[in-house]
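One structure is given below, encoded as structure tokens.
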Amino acid sequence: VQLQASGGGLVQPGGSLRLSCTASGSIASIGVMGWYRLAPGKQRELVADITSGGSTNYADSVKGRFAISRDNAKNTVYLDLNSLKPEDTAVYYCNSMIGTIRYWGWGTQVTVSS
């Protein structure tokens, strides 16, 4: 199983980005899918996650600005980042629970700067 993330980049404060992460390989079903981020000098934090049924959970710091969604048919999870702030700068990692194993994708860099 592999998770391929994409969509990061450089954006000005107040801008938007969409991150995508697709799972591929021998997959029967995917449970919770989510996004974490790791910023320099900080601990890794959960940004948002979503169950297979569509229930979502967000970090307080991104509520109202970020939106997580998924397409179960495509084994893909999305993260829409809106009203971006410099403090959102980090490497964003997706993960998925497949069976009893948590798989991680390679990170994608998000930089918010003017």
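The values are calculated or read from the model by the stated rules, or taken from the named source; none is laboratory data. Note that the structure is predicted; figures quoted are calculated from it, not measured. Note: ideal-geometry Cβ built from the backbone for every residue, glycine included; neighbour counts use all protein chains shown. Surface accessibility is based on the protein's heavy atoms, side chains included, excluding ligands, DNA and RNA. Shrake-Rupley method; radii C 1.70, N 1.55, O 1.52, S 1.80 Å.
The table below lists the values:
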| item | result |
| --- | --- |
| HN-Hα J in Hz across the range 24-32 - Karplus 6.51, -1.76, 1.60, θ = phi - 60°, x for Gly and Pro | 9, x, 7, 10, 7, 7, 10, x, 5 |
| Relative contact order (percent, whole number), the chain, Cα cutoff 8 Å, 6+ residue spacing | 37 percent |
| Surface accessible to a 1.4 Å probe, per residue, for the residues of the chain, Å² | 53 Å² |
| Solvent-accessible area, 1.4 Å probe, carbon plus sulfur percent, for the range 64-114 | 51 percent |
| ³J(HN,Hα), Karplus 6.51/-1.76/1.60, whole Hz, each residue of the range 3-14, x for Gly, Pro | 10, 10, 9, 7, x, x, x, 9, 9, 7, x, x |
| Hz values of 3J(HN,Hα) by residue in the range 74-79 - Karplus curve (6.51, -1.76, 1.60), Gly and Pro given as x | 9, 6, 10, 10, 10, 9 |
| Residue 24 versus residue 6: modelled label distance in nm, points set 7 Å from Cα along the beta carbon direction | 1.0 nm |
| Heavy-atom SASA rank of 97, 33 (probe 1.4 Å, accessible area, largest first) | 97, 33 |
